[in-house]
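Reading through the structure tokens given below for one structure.
The values are calculated or read from the model by the stated rules, or taken from the named source; none is laboratory data. These numbers were taken from a predicted model, which means no experiment stands behind them. Virtual Cβ from ideal backbone geometry, glycine too; neighbours counted across all protein chains shown. For the accessible areas, the whole protein counts, side chains as well, though only heavy atoms, and no ligand, DNA or RNA atoms are used. Shrake-Rupley method; radii C 1.70, N 1.55, O 1.52, S 1.80 Å.
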Amino acid sequence: MPPIDRLQQVPPASLLKAARRLMRPLVRVMMRSGLTFPVLADALRRLYVEIAANDVLTDSRSRTDSRISLLTGVHRKEIRRLRAMPADPGDAPAIVTLASQIVARWVGTARYVDAQGRPLPLPRISNGGTVAHASSDVPASSDIPASSDIPASFDALVASVTSDIRPRAVLDDLVAHGVVFMDAEDRVQLNTEAFIPRPGGEEQLFYFARNLHDHVAAAVANISAAETARFLDRSVHYDRLTPSQVQTLRDHARTGAIRLLLDVNRLAQELTQGAPEPDPNPARRINFGIYLFDEDERPAAGGGES
């Protein structure tokens, strides 16, 4: 993102009005979950101080308590307390990082999908025998075939992603989280065409935070851009529809969205697996997402935003 001094100034009153609307569903879910206003207020106070120190004041010499207090409106005594607190780790749950890689490889690689691009059910091990892995407790052997020569199986899929965890342990974990299941022929089946965590679980909350963060970050970059908006942020929206019209549009949008996500995933797999000279220090990430929402329109209580 460009330095703060190069961003276009957004009118504070208009921004506050927009922020009130986008925070409404967040406030609703926090209230239902028992997070009270004082807890949120303290988290926001800490966030203001953290962003001022790390993102806005890029020159370390200017990161004084007085300067941060001027920027944030937080008292210097509070700033000293907040800056002494340990940073949030922000690490992804282990199941997220591993499962997302396995599912992405499964639906994005030709040997693991059928002619229509649907993920194949996989035997747990290849018909040719046990798949070799590169973990430290397995001795190297010149007889071990290359991964591309190993018949498609769940063990081979796991081995193409990680060599640190035994495929059986990965399988048990994915079954427990509902990502895969064993069919009547003892094959491993992917539950859906994409990794969808269980509602309210640690994995779903990770994606909830990451995806909303990235969408808001893209929108903020666009409204703050001095010239052309940098990121894709488009939607199709209609009102005064019947339930059947909404259902038709919902089904059509979902089918098209899944097809596009799978297509982007396949291209990403080709780019990352087929690069002859990969960057020795890759550091950039990309997140392409699609959302769909519908509700009954109703007047907001008290004339506020809906």
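On full extension, the segment bounded by Lys77 and Phe288 gains 71.8 nm, given 0.36 nm per residue less the C-alpha separation.
Approximating the spin labels as points 7 Å out from Cα along Cα→Cβ, the Leu212-to-Arg168 distance works out to 4.1 nm.
Excluding ligands, DNA and RNA, the accessible surface per residue across the stretch 200-282 is 80 Å² with a 1.4 Å probe.
Pull out a ≥ b ≥ c, the square roots of the eigenvalues of the alpha-carbon gyration tensor of the stretch 165-289, then state rounded if a/c is under 1.5, prolate if not and a/b is larger than b/c, and oblate in the remaining case. It is oblate, given that a/c is not under 1.5 and a/b is not larger than b/c. Once all protein chains are placed together, Glu270 keeps about 120 Å² accessible to a 1.4 angstrom probe. Summary of the geometry: the stretch 101-121 and the stretch 58-86, compared by the centres of their Cα atoms, lie 50 Å apart.
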